[in-house]
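See structure below.
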Amino acid sequence: MQRIKLEINPGMKPGILSDIADLVLGRRCVGCNEGGTILCPECDAHIKGHSHIARDFRFDEIQEGLRIPLAVACVYAPPMSTLIYSYKDAHVPALAPVLSRYLESALDELSTSGVPKATLTPIPTRSAAIRRRGFDAMELISRNLIKRGHVVEHMLTDNRTAGHSKALDSRSRSREVQDAFAITPTTQRLIKKANPIIIFDDVTTTGSTLKEAAMTLMQAGVQIVGVAAIAGARKR
């Protein structure tokens, strides 16, 4: 049985501690708060079956007419938004296997649309977020994808500041992610092998982060064939 380390802040109220314990031990569903499991069959069924191609990213500056599809597993709304919040902000790393399974449905959607089988690379987690949570959210999802038979390589390092981007509009997000990433030594090795690559993230809203990551890799000579996310914001 996997041991789950629960870090307790002395300032936490007893009610909050009880809530977190219920999530970690699977006594309550993170989606609907029903007892018995960390994610009940009803919430799981509500999330499943909604994977789709959300949009195409345009990269005319790289090659005229170049379009790369973005697939998402479902819309960023309850119960999925609650699930991701519990994973990252309520510090429940035990949810990583569940989220990696949902990400696979977005990857399957890319395959159905004609995207070839590819090596996966995650958007790196900000260092400040890792320190705050006590774990690397994207790294845990990556490990679970590897367990499920996928090839995952870390091709990007994060240069972003420690600020939060959730409240930013589309234009501000685009400015924030400029020069946000750099390539790793692994990237140079994969360029020589000409491996096709799919970039993935947990949540995408405006798409600025995924597009900047794709630009960074393509400018280095990487073949990006698709991008994927567990959840995506509704189109406005």
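Where a number appears in this text, it was derived from the coordinates with a stated rule and is not lab data. Because the structure is a prediction, the values reported are computed rather than measured. All Cβ positions, even for glycine, are placed from backbone atoms using ideal geometry, and neighbour counts span all protein chains on display.
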* Per-residue ³J(HN,Hα) for region 182-194, Karplus 6.51 cos²θ - 1.76 cosθ + 1.60, θ = phi - 60°, Hz, x for Gly and Pro -> 9, 7, 9, x, 4, 4, 4, 5, 6, 4, 5, 7, 6
* Estimated distance in nm for a label pair at R189 and V151, the labels positioned 7 Å out from Cα along Cα-to-Cβ -> 1.2
* Asked: Hey, could you pull the Cα Rg and Dmax for region 43-232, both in Å?
  -> 15.5, 44
* **trypsin sites (Lys or Arg not before Pro) within region 66-159: DSSP coil, no more than 15 neighbouring Cβ in 10 Å** => K117, R148
* Cα centroid of region 137-161 to Cα centroid of region 35-107, whole Å -> 15
* To do: Compare the Cα positions of I146, I230, I68 along the charge dipole of region 43-232 (+1 at Cβ of Lys, Arg; -1 at Cβ of Asp, Glu; about the Cα centre) and return the one farthest towards the positive end.
  => I146
